[in-house]
Structure formats: C-alpha cells, structure tokens
Amino acid sequence: MSEQKVGVEEALKKPLPTPDGDSQPMWDGFKEGKLLLQHCGDCGHVQYYQQGICRNCQSPNLQHQKASGRGVIHSYSVVHRAPGPAFRDDVPYAVLLVELEEGPRMISRLVGQDFDSLDFDLPVRLETIKVSDELFLPYFALNECN
Ligand SMILES: [Zn+2]
C-alpha cells in the first residue's frame, strides 16, 4: 500500500476523541445520555474538559458529578465548507460554544439544521449521538421546552 493511499484513507476518516484515564468516566456517561463534569473537592471549581488536576487550584481531588445537560448558546458558527473530505457529507452544520448551567463552556455541534432559529443566549440541551458501540458524541439540541 502506498503512503499516498494511506493518506487519503486517513483524510476520509473523521478524527475521533480518544478516551483516557481522566476522561473515561465522561465518555461512559455519554453512553447513558449524561454529561459528567469534574468538581474540585478543595476549591469547588467545575471543569470541562477532564484532566488529572483542578485547573483553578491544581488539586488532584476531583470527582465526577452529573450535570443538568442544559446550557445556553454563548456563540455559534454555521459551517458551509467542510474542513476536510471526511466532513463533506455533514455540511452545512452549526458549531456551538455552549455555556453550561454549571459554568464551563463546551464546544459542540447542533443537532439538525435549524440555523435560522440560532441566537445568542438561546437554551439548549445535551443530546448524545452514537458513533460506535464504544463512542457516543455530545451534541446540543434547541431546547423548545423553555
Ligand atoms: Zn480546585
């Protein structure tokens, strides 16, 4: 197999997250439709994305707690031009910067293509989408209940 061929195949594959020791509980939570955030037992800081220590006080005393899954759109952008061949069938799609109820901000994607309804401070809720048996990705849907 030529190197070039490998390159094309790799380019057609979407980059997927690789769960590690710190983030595995969060990825397990997504399988059950739950968002888990790390809470610091020393200073109370709540963080996303997961890591081994608190980003506020460097304490390793972190525990996962279930978040509400609700937030508001802090910022958004509609992508019309695929960033690579693997995303060609996805466009157009909206990338959201969601401010979670618990405080952290999270970059994600909108479920569906209701771009005309997008606005700042609009409520959204977590919806997880199955990519494989091992991996569910977090998306956000417009929260029409509010
Ligand atoms: Zn802390």
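Numbers for the structure displayed
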{"read-out": "Accessible area, probe 1.4 Å, largest first, for residues Cys54, Cys43", "value": "Cys43, Cys54"}
{"read-out": "Relative contact order of the range 24-146, pairs being alpha-carbon contacts under 8 Å that are 6 or more residues apart, as %", "value": "23"}
{"read-out": "Loop-located trypsin sites (Lys or Arg not before Pro) in the range 65-121, at most 11 other Cβ atoms within 10 Å (DSSP)", "value": "Arg81, Arg88"}
{"read-out": "Derived scalar couplings ³J(HN,Hα) [the range 127-132; Karplus, 6.51 cos²θ - 1.76 cosθ + 1.60; whole Hz; x for Gly, Pro]", "value": "9, 9, 10, 6, 9, 7"}
{"read-out": "Where GluC sites (Glu not before Pro) fall in DSSP loop in the range 75-143, at most 11 other Cβ within 10 Å", "value": "Glu134"}
{"read-out": "Highest-MSF residue in the chain out of Leu12, Leu110, Leu135 [GNM, Cα springs under 10 Å]", "value": "Leu12"}
{"read-out": "The range 54-139, Cα convex hull volume normalised per residue, Å³", "value": "140"}
{"read-out": "For the range 114-124, Karplus couplings with θ = phi - 60° (6.51, -1.76, 1.60), whole Hz, Gly/Pro x", "value": "7, 5, 5, 7, 5, 7, 5, 6, 6, x, 9"}
{"read-out": "Amide H contacts under 5 Å for Ala94, placed H, 5+ residues apart", "value": "Val79, Leu110"}
{"read-out": "Segment Lys31-Leu97, extension gain: residue separation times 0.36 nm, minus the distance between their alpha carbons", "value": "21.6 nm"}
{"read-out": "Separation of alpha-carbon centers, the range 97-146 and the range 22-87, rounded to whole Å", "value": "13"}
{"read-out": "Pairwise Lys count, the chain - Cα closer than 25 Å, eight or more residues apart or different chains", "value": "12"}
{"read-out": "Using θ = phi - 60° and Karplus 6.51 cos²θ - 1.76 cosθ + 1.60, couplings along the range 40-54 (whole Hz; Gly, Pro as x)", "value": "7, x, 9, 10, x, 4, 10, 9, 9, 7, 5, 8, x, 10, 5"}
{"read-out": "Cα-based Kirkwood hydrodynamic radius, the chain, one decimal, Å", "value": "16.7"}
{"read-out": "Spin-label pair Arg105/Val78, simplified geometry with 7 Å Cα→Cβ offset, distance in nm", "value": "2.2"}
{"read-out": "Residue with peak Gaussian network fluctuation, the chain [Cα springs, cutoff 10 Å], from Pro19, Pro60, Pro83", "value": "Pro83"}
{"read-out": "Rh by Kirkwood over Cα pairs, then Stokes-Einstein D for the range 19-67 at 0.692 mPa s and 37 °C, µm²/s", "value": "308"}
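The values are calculated or read from the model by the stated rules, or taken from the named source; none is laboratory data. In this text, all values refer to a predicted model and were calculated from it rather than measured experimentally. Every residue, glycine among them, receives a Cβ derived from its backbone with ideal geometry; neighbour counts consider all protein chains shown. Ligands, DNA and RNA are excluded from the accessible area calculation, which covers all protein heavy atoms including side chains. Shrake-Rupley method; radii C 1.70, N 1.55, O 1.52, S 1.80 Å.
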